[in-house]
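Just below is one structure, and these are the notes that go with it.
The values are calculated or read from the model by the stated rules, or taken from the named source; none is laboratory data. The shown structure was predicted, so the numbers you read here are calculated from the model rather than taken from an experiment. Note that each Cβ is placed from the backbone with ideal geometry, even for glycine, and that neighbours are counted across all protein chains shown. Heads up: the accessible areas ignore ligands, DNA and RNA and are worked out on the full protein's heavy atoms, side chains in. Shrake-Rupley method; radii C 1.70, N 1.55, O 1.52, S 1.80 Å.
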Amino acid sequence: LRDAYRYTLNEEFVDVLRESLMLYAPIRELLEEKGFIVEAPGMLMGSSGVSHRFDFIAYRYKGGDRKVYALDVASRDAPIEEAEVISLFVKVFDVKPNKAILVAVPGATDRALKLAQSYGIEVVLGKDIEEAIKKLGEAIP
């Protein structure tokens, strides 16, 4: 006889994975349509010498200048709170991309939005995936 192993995934994890895939693929497609070179996930080296992981790093060259966008996605059952904003800010402070964007589904608390504004992080809100993708398209020139 041989040992047989069986693995099952928690249904909640499957739902999270399914939602993430439904959100990440359209974001990548949108960024590429806008002329970006996309790494997902992407790593950038900060001035501290530490590498930071972002859900998306998007590069675009215009007139000899390189523009770097760093994006993180927070998709939860409830609006995101300050912790997600602070987490992104720490990375952005070290890396200094041209633009930092936090995509928040289904939204963000007022405190999280105020904090993001004070940190110079653009928050793209969507009550669902479709709305978030549409608003992200409007936020990126």
- Message: Yes or no: segment 71-78 includes at least one residue that is in a strand (DSSP E or B), at pLDDT below 90 and touching a helix residue (DSSP H, G or I) at 6+ places or on another chain (Cβ under 7 Å).
- Response: yes
- Which ones in segment 120-139 are under 16 Å from Thr109 (Cβ atoms), open to solvent by 30 Å² or more (accessible area, probe 1.4 Å) and assigned to a strand (DSSP E or B)? Val123, Leu125
- Query: Which of the residues that make up segment 58-75 are closer than 17 Å to Val95 by Cα and of a type in the set (Phe, Trp, Tyr)?
  - Reply: Tyr59, Tyr69
- Note on the structure: Selection from segment 25-40 of residues surrounded by 15 or more Cβ atoms within 10 Å (Cβ to Cβ) and assigned to a helix (DSSP H, G or I) yields Pro26, Ile27, Arg28, Leu30, Leu31
- Quick one: in segment 90-109, which of the residues that are in contact with a His (Cβ under 9 Å, 6 or more places away or on another chain) and of a type outside the set (D, E, K, R) is most open to solvent (accessible area, probe 1.4 Å)? Val90
- Note on the structure: Within segment 106-140, residues under 15 Å from Leu31 (Cα atoms) and either touching a residue at least 60 places away in the same chain (Cβ under 8 Å) or within 13 Å of the chain's Cα centre (by Cα) (or both) come out as Val124, Ala132, Ile133, Leu136, Gly137, Ile140
- Evaluate segment 81-89: report whether one residue or more is open to solvent by less than 40 Å² (accessible area, probe 1.4 Å), modelled with pLDDT of 95 or more and assigned to a loop (DSSP other than H, G, I, E, B). no
